[in-house]
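Take a look at the structure set out below.
Nothing in this text is a laboratory measurement; each read-out follows from the coordinates by a stated rule. For clarity, every value in this text was computed on a predicted model and none was experimentally measured. Cβ coordinates were reconstructed from backbone atoms using ideal geometry, including for glycine residues, and neighbour counts include every protein chain displayed.
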Amino acid sequence: SQQGEEDPQALSIQEGENATMNCSYKTSINNLQWYRQNSGRGLVHLILIRSNEREKHSGRLRVTLDTSKKSSSLLITASRAADTASYFCATDQDTGRRALTFGSGTRLQVQP
Amino acid sequence: SAVISQKPSRDICQRGTSLTIQCQVDSQVTMMFWYRQQPGQSLTLIATANQGSEATYESGFVIDKFPISRPNLTFSTLTVSNMSPEDSSIYLCSGTGSSGNTIYFGEGSWLTVV
């Protein structure tokens, strides 16, 4: 079963604008990871943030984590048409199982 | 980072047949998992592939329908048995190494059952 929800479900922006996606989850976690999926393809790992971290940057990506609210956000700055994809958050729950539980995903469309 | 290869990448299958998907990792991983992604949906964990023993299945998935093998640390197979159109999905293999928490995914196997 899915750990939580992402919003928005779909987002359409113009090239150069910033895109923000939010993720909520339900249980305690070890870490939270963000992935990108181009249409019908595998998942590309973007960034991992540990439960004791609050913010992390990687290139044009900025991820925040608020464990008190059980939420995370992914910000893509200066978006490009090539950023068009589905984005998923996934949590490594604090159960020792190590498998990821995925959110519902956000479909991002960046218009050139 | 681990590179995970799956095959087939895509297949069209007849109703009632079975198909085995292979997953090869280029380095040793401690844990391997199989996920299903139905059209337009997110990923759902099918099972954890355990080396040399029976896989650990999630609620809603059973061994008779999705038999899994993992004979060594770098290879696993998932069989989708007695397929129906509802099994049309992308099936993804994933793995994580002992040194980190990142979980890597293969490109997925896109099955269409007709």
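Between B:Ser5 and A:Glu15, the simple spin-label model (points 7 angstrom out along Cα→Cβ) gives 3.6 nm.
When the chymotrypsin sites (Phe, Trp or Tyr not before Pro) in region A:1-97 are filtered for DSSP coil states and for at most 12 other beta-carbon atoms within 10 Å of their beta-carbon, no site remains.
Tell me, which cysteines of the protein assembly as shown are without a disulfide-compatible partner by the Cβ under 4.7 Å rule? Lacking a cysteine Cβ partner under 4.7 Å: B:Cys13.
The alpha carbons of region B:13-96 occupy a box of 34, 24, 24 Å along the principal axes, longest dimension given first. Its Cα centre serving as origin, chain A has a Cβ charge dipole (Lys and Arg +1, Asp and Glu -1) of approximately 280 debye. Stokes-Einstein diffusion for region A:49-112, with the hydrodynamic radius set to the Kirkwood value over Cα pairs and evaluated at 4 °C in a medium of 1.567 mPa s, equals 97 µm²/s. Distance distribution P(r), chain A, all Cα-Cα pairs, bin width 5 angstrom from 0: 2, 13, 24, 26, 19, 10, 4, 1, 0 percent. Measuring between their Cα centroids, region A:26-71 and region B:47-76 lie 27 Å from each other. Using the Cβ-Cβ distance between B:Arg15 and A:Arg98 with R0 = 35 Å, the FRET efficiency computed as 1/(1 + (r/R0)^6) comes to roughly 0.50.
If the segment from B:Thr30 to B:Gln51 were pulled out straight at 0.36 nm per residue, it would be longer than the present Cα-Cα gap by 6.7 nm. Listed by chain and number, the lysines whose alpha-carbon sits under 19 Å from that of A:Lys70, ignoring those within fewer than 8 places in the same chain, are A:Lys26, A:Lys56. With 0.36 nm allotted per residue and the present C-alpha distance subtracted, the A:Glu5-A:Asn38 stretch has 9.9 nm of extension available.
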